[in-house]
Each structure stands twice: as C-alpha cells, then as structure tokens.
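J.: Before I ask anything, let me first share the structure, which is written out below as structure tokens.
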Amino acid sequence: MKDKKIEKIIKKLKESSVGIAGLGGLGSNAAISLARAGIGRLVLVDFDKLEESNLTRQYYFMYQIGKNKVDALKENIEKINPEIKIEIINQKLLKGSMEEPFKDVDVVIEALDNAETKATFIEEILTKLPDKPIVAASGVAGYGHSDRITTKCLGKLYMCYDEEALSSDDDVLTAPRVAIMANWEANLALEIILGEDK
Amino acid sequence: MSIEVNGKKVDWVENETVTQLLKRMRYIFPLVVVKIDDKVVLKKDFSEVVVPDNSKVAVIHMISGG
C-alpha cells in the first residue's frame, strides 16, 4: 500500500509546477524542499543579487555572493535534483503585472519580504488569476513560538500565519523560524497539489 | 446586534463598510484579505461592502519578513 502511495505521489509531483515570488529566506528554502520532494517544474522569480548577510538564513553559499539569486538557486537545486525543469526570471515584480510569470503554474508561493509588496502581490494573483491557489506567509520574524504558526484558508489563499509576530523591521530574522515558515509554505503547496493526506 | 472580528465580539453598526470597520478596529497594517462569513472580500471592494449583523469577520494582515 505504501509503495502504491509513493508511486502515485512521485507521478503527480513530477507533472506539477510551482511558481515562487521572491528567493530570500522563504523562497530559497521552499524551492529546495520542493526540489527534494520531486516537483517537476519550478518558476523562480527574483531581481536581487546575493549578499553576505543573506547567508544567515537563505539557501546559498559563500562563493555565490554577488551572483543573481535566480542563477545561484538554480545551481543549488540542480546539485540536488538535476531532472527538475527550472525557469528563472531575473526581474522585479511590478505592480500591475505581478501575475505574469505565474499564469502557467499549478500553485503560487508568495515569498516576498516587504508587507506592502506581499499584500499587493496576493491581491493581484487573487483578482487576475482567480482559480490559482496561492500560498503566502506573514509573521516570519523572531525565534521560538513555532506553535503560534497556523494555516488560514481563505478561498484560494492559504496563509501561513503568526499574527503575534513582529515585523522584520523591528525584529530579527533567524534561520530556524524562516525555514519553518518556508517549509510550511512548501508543505501547503504539496497538500494543494496532492490533496489532503488521509 | 453584534459581530465577531477575529474572534472578538464587537458592536454591529448599521451600514458600516469594511473600510469603516477596519478604521474602528484600528487595524493599520497593510491588509490583504478580509473574510466575512467564509466569503473573501477583496481590498478594492472594502469601501463598498457593508458588514451584516451577526457576521463573522476575519482580518488577515501582512507584516514584513521573508
């Protein structure tokens, strides 16, 4: 029975795709998890270059400092899973056309940093691609309090949410908590693709 | 004559829009979605949608970090 389940999951994931907006702490860690899980295709969008300060929580390496995050992450994913199809888009998401790179994926993951941009992005996906499931996160900063994190389902929007956490403008971003949220998002994406694990 | 906002019981105000309710509740975060009785209300409709009596309102806010 277990083998059958595994076979089914492998097949379904291989046929599926996830788009990730932002390749910082949330996006880079979520992408790596999805790659390990065997997702067939990833669309990765970011405009930033890797800085040394990013290494405290983002899935990159020292020697990659200065590289575009899209290129660095593609490189890292290919070391884990060379079969995955990766589309990289090295550009800033601009208000009015934020949904463009994600028209053709099964699930969108919001992994941006700024609250205003997060809100705008979610709004654009919900209005312009109303049938598209979107997974988002809010309340990433701080450490500890893992059990304050919950999932909120609001129609096609799935929020990984800690309403008591402070903004990253006023609190630290730490690797364990950011990675928990990132993997929470990736786990939700799997659940959306595969259906509830019964 | 009351509504529930994020699990908290508050007075219902006739003809109050989502925008007015958010102001009354002093929710100042950049908001993303408001759900009234399991129905999602988008930001662009906040100033038009009126909050009905006895409804359950969920307000999800976004804060920075990623």
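The values are calculated or read from the model by the stated rules, or taken from the named source; none is laboratory data. Worth saying up front: this structure is predicted, and the values here are computed from it rather than measured. All Cβ positions, even for glycine, are placed from backbone atoms using ideal geometry, and neighbour counts span all protein chains on display.
Yes or no, residue by residue, for (1) closer than 30 Å to A:TYR143 by Cβ; (2) touching an Asp or Glu at 6+ places or on another chain (Cβ under 7 Å); (3) in a loop (DSSP other than H, G, I, E, B):
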| position | (1), (2), (3) |
| --- | --- |
| A:ILE6 | no, no, no |
| A:ILE9 | no, no, no |
| A:ILE20 | yes, no, no |
| A:LEU26 | yes, yes, no |
| A:ARG36 | yes, no, no |
| A:VAL43 | no, yes, no |
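J.: Working only within region A:32-56, note down all residues that are closer than 22 Å to A:LEU94 by Cβ, buried (at least 18 other Cβ atoms within 10 Å of the Cβ) and in contact with a Leu (Cβ under 8 Å, 6 or more places away or on another chain).
T.: A:LEU42, A:LEU44, A:VAL45, A:ASP46
J.: Regarding region B:15-37, can at least one residue be identified that is within 14 Å of chain A (Cβ to nearest Cβ), in a strand (DSSP E or B) and exposed (fewer than 15 other Cβ atoms within 10 Å of the Cβ)?
T.: The answer is no, given that none of the residues of region B:15-37 is within 14 Å of chain A (Cβ to nearest Cβ), in a strand (DSSP E or B) and exposed (fewer than 15 other Cβ atoms within 10 Å of the Cβ).
J.: Hey, another quick one. Within region A:145-158, take every residue that is under 19 Å from the mean Cα position of the chain (by Cα) and more than 10 Å from chain B (Cβ to nearest Cβ) and give me the one that is farthest from B:ASP38 (Cα to Cα).
T.: Ranking the candidates gives A:SER146 first.
J.: Quick test of your reading of the structure: A:ASP131 fulfils all but one of (1) more than 9 Å from every other protein chain (Cβ to nearest Cβ); (2) of a type outside the set (S, T, N, Q); (3) surrounded by 24 or more Cβ atoms within 10 Å (Cβ to Cβ). Name the failing condition by number.
T.: (3)
J.: Can you tell me which residue in region A:159-170 is farthest from B:ILE60 (Cα to Cα), limited to those that are part of a loop (DSSP other than H, G, I, E, B) and within 8 Å of another protein chain (Cβ to nearest Cβ)?
T.: Applying the filter and picking the extreme gives A:ASP169.
J.: Kindly provide the set of residues from region A:80-94 that are in contact (Cβ under 8 Å) with a residue 12 or more places away in the chain and not β-branched (Val, Ile, Thr), ordered by number.
T.: Of everything in region A:80-94, those that are in contact (Cβ under 8 Å) with a residue 12 or more places away in the chain and not β-branched (Val, Ile, Thr) turn out to be A:ASN81, A:LYS85, A:GLU87, A:ASN90, A:GLN91, A:LYS92, A:LEU93.
J.: Next question, about the same structure. Which of the residues belonging to region A:158-179 are surrounded by fewer than 17 Cβ atoms within 10 Å (Cβ to Cβ), in contact with a helix residue (DSSP H, G or I) (Cβ under 7 Å, 6 or more places away or on another chain) and either of a type in the set (A, V, I, L, M, F, W, C) or at pLDDT 95 or above (or both)?
T.: A:ALA175
J.: Sticking with this structure for a sec: Suppose we filter A:VAL140, A:VAL105 for residues that are farther than 22 Å from B:GLY7 by Cβ, buried (at least 23 other Cβ atoms within 10 Å of the Cβ) and either within 13 Å of chain B (Cβ to nearest Cβ) or in contact (Cβ under 8 Å) with a residue 12 or more places away in the chain (or both); which single one remains?
T.: A:VAL140
J.: In addition: Could you list, in sequence order, the residues of region B:1-14 that are within 10 Å of the chain's Cα centre (by Cα) and outside any strand (DSSP E or B)?
T.: Across region B:1-14, the qualifying residue is only B:ASN6.
J.: Please go through region A:108-128 and pick out each residue that is within 13 Å of chain B (Cβ to nearest Cβ), of a type in the set (A, V, I, L, M, F, W, C) and within 18 Å of A:LEU188 (Cα to Cα).
T.: Residues satisfying the conditions are A:ILE109, A:ALA111, A:LEU112, A:ILE122, A:ILE125, A:LEU126.
J.: Between a residue in region A:14-28 that is away from every other protein chain (no Cβ under 14 Å) and over 26 Å from B:SER64 (Cα atoms) and any residue that is in a loop (DSSP other than H, G, I, E, B) and not hydrophobic (A, V, I, L, M, F, W, C), which pairs come within a Cβ distance under 8 Å, given they are 6 or more apart or on different chains?
T.: Listed pairs, sorted by first residue: A:LYS14/A:GLY38; A:LYS14/A:GLY40; A:GLU15/A:GLY40; A:SER16/A:GLY40; A:SER16/A:ASP106; A:SER17/A:GLY40; A:SER17/A:ASP104; A:SER17/A:ASP106.
J.: Of all residues in region B:38-61 being of a type in the set (D, E, K, R) and in a strand (DSSP E or B), which is nearest to A:ILE134 (Cα to Cα)?
T.: So, considering only residues that are of a type in the set (D, E, K, R) and in a strand (DSSP E or B), the one nearest to A:ILE134 (Cα to Cα) is B:LYS39.
J.: For region A:87-144, which residues satisfy the criterion of being under 27 Å from A:GLY66 (Cα atoms), assigned to a loop (DSSP other than H, G, I, E, B) and under 14 Å from the mean Cα position of the chain (by Cα)?
T.: Residues satisfying the conditions are A:ALA111, A:LEU112, A:ASP113, A:VAL140.
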